[in-house]
Amino acid sequence: RAGAVPGQEGGDGGLVWGVKPGTELQVRAVVEVGDVRHTSETLTVTTGYPPNHLPEAEVTLFGDGPSAGGYLITSVITEPSVAVVLDRDGDYVWWHTLEDELDSVLISRARLSLDGRTMMYLASTTPTGGGTSQVLVRLPYNGAEVIVTEVPGAHHDFAEREDGKLALIALDGRDVEGELIQGDQIIEQDPMGTQTTIWSAWDHLEYDPDEPAPVGTGWTHANALD
């Protein structure tokens, strides 16, 4: 991944973050123990390049511009879709997607984990051979270990809870006069995969059959969760 310099496999390591693609840089570790400074040999590395199908990005800053270094975490809806981090110049400095044995990947939301140690994204995948599944992907910045968790029915957005649970937007279809109408619900999923509905649009909003939603969007069509 561009900008990532992992440590040796099986040992301690450091991470160089936010380096532009195709950049040669020199890295060395400096550790101070008491009054003694230990310096490693200098390592020269060149960062890689993002997938060819990612489009060029143009960034327009308003006011003082973004804070925290000016990075944007988002997804790019290409085929396959890619979770990315852009710097303030519009250069891709991190990216990841799922490709193995999949016909298609659609990533709707990418976020940092609460502890800031991993990247997370929500994806709808179509495996080779058919069928569609929704998964949450978690991985460290260097991509050393990718953890994929099934989140059935989830779409568009998620939030990580401090208690280790996930909050997810999910479809909530109901039969209305013989027609399936898709509303939305918010579910919690614990680390064991158990889902619990904590809110449904059907309990708080009134569906009006005389004002149907546009075809393909569902009734409430939630997009974001805060």
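Of a type outside the set (Ser, Thr, Tyr), over 19 Å from PRO51 (Cβ atoms) and touching a Ser or Thr at 6+ places or on another chain (Cβ under 8 Å): is that true of LEU106 in this structure?
It is false that LEU106 is of a type outside the set (Ser, Thr, Tyr), over 19 Å from PRO51 (Cβ atoms) and touching a Ser or Thr at 6+ places or on another chain (Cβ under 8 Å).
Within segment 194-226, the residues that satisfy the criterion of being of a type in the set (Phe, Trp, Tyr) and not in a loop (DSSP other than H, G, I, E, B) are TRP199, TRP202.
I need the full set of residues from segment 102-139 which are outside any loop (DSSP other than H, G, I, E, B), β-branched (Val, Ile, Thr) and either in contact with an Asp or Glu (Cβ under 8 Å, 6 or more places away or on another chain) or more than 14 Å from VAL82 (Cβ to Cβ) (or both), in order please. Spell out the reasoning first.
Narrowing segment 102-139 to residues outside any loop (DSSP other than H, G, I, E, B): 102-112, 118-127, 133-139.
Checking the rest, the ones that are also β-branched (Val, Ile, Thr) come to 105, 107, 118, 125-126, 135, 137.
Passing the criteria: VAL105, THR118, THR126, VAL135.
For segment 135-150, check the following and say yes or no: at least one residue is surrounded by 14 or more Cβ atoms within 10 Å (Cβ to Cβ) and farther than 29 Å from VAL16 by Cα. Within segment 135-150 (the criterion being surrounded by 14 or more Cβ atoms within 10 Å (Cβ to Cβ) and farther than 29 Å from VAL16 by Cα), the answer is no, since none of the residues qualifies. Out of (1) open to solvent by 50 Å² or more (accessible area, probe 1.4 Å); (2) modelled with pLDDT under 90; (3) of a type outside the set (D, E, K, R), the odd one out for SER104 is which? Every listed condition holds for SER104 apart from (1). Scan segment 159-173 and give yes if some residue there is β-branched (Val, Ile, Thr) and more than 24 Å from THR97 (Cα to Cα), otherwise no. Scanning segment 159-173, I find no residue that is β-branched (Val, Ile, Thr) and more than 24 Å from THR97 (Cα to Cα), so the answer is no. Of note, PRO209 satisfies the criterion of being over 14 Å from ASP172 (Cα atoms) and either in contact with a strand residue (DSSP E or B) (Cβ under 6 Å, 6 or more places away or on another chain) or open to solvent by less than 80 Å² (accessible area, probe 1.4 Å) (or both).
Report the residue count in segment 161-193 for those that are small (Gly, Ala, Ser), closer than 25 Å to ASP226 by Cβ and either in a loop (DSSP other than H, G, I, E, B) or open to solvent by 60 Å² or more (accessible area, probe 1.4 Å) (or both). Qualifying residue count, segment 161-193: 2.
Residues are listed down the side, and each one gets a yes or a no for (1) surrounded by fewer than 18 Cβ atoms within 10 Å (Cβ to Cβ); (2) at pLDDT 90 or above:
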position: PRO55; (1), (2): yes, yes
position: SER67; (1), (2): yes, no
position: VAL76; (1), (2): no, yes
position: ARG88; (1), (2): yes, no
position: LEU112; (1), (2): yes, yes
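Please verify whether VAL16 is closer than 23 Å to GLY143 by Cβ and aliphatic (A, V, I, L, M), treating the condition exactly as stated. So VAL16 fits the description; yes.
The single residue among THR60, THR118 that is open to solvent by 70 Å² or more (accessible area, probe 1.4 Å) and modelled with pLDDT under 95 turns out to be THR60. In this structure, ASP157 qualifies as of a type in the set (Asp, Glu) and closer than 22 Å to ALA83 by Cβ.
The values are calculated or read from the model by the stated rules, or taken from the named source; none is laboratory data. Being a predicted model, the structure only gives us computed values, none of them experimental. Quick reminder, even Gly has a Cβ in these numbers, built from the backbone with ideal geometry, and neighbours come from all protein chains shown. Just so you know, the surface numbers come from the protein's heavy atoms only, side chains and all, with ligands and any DNA or RNA stripped out. Shrake-Rupley method; radii C 1.70, N 1.55, O 1.52, S 1.80 Å.
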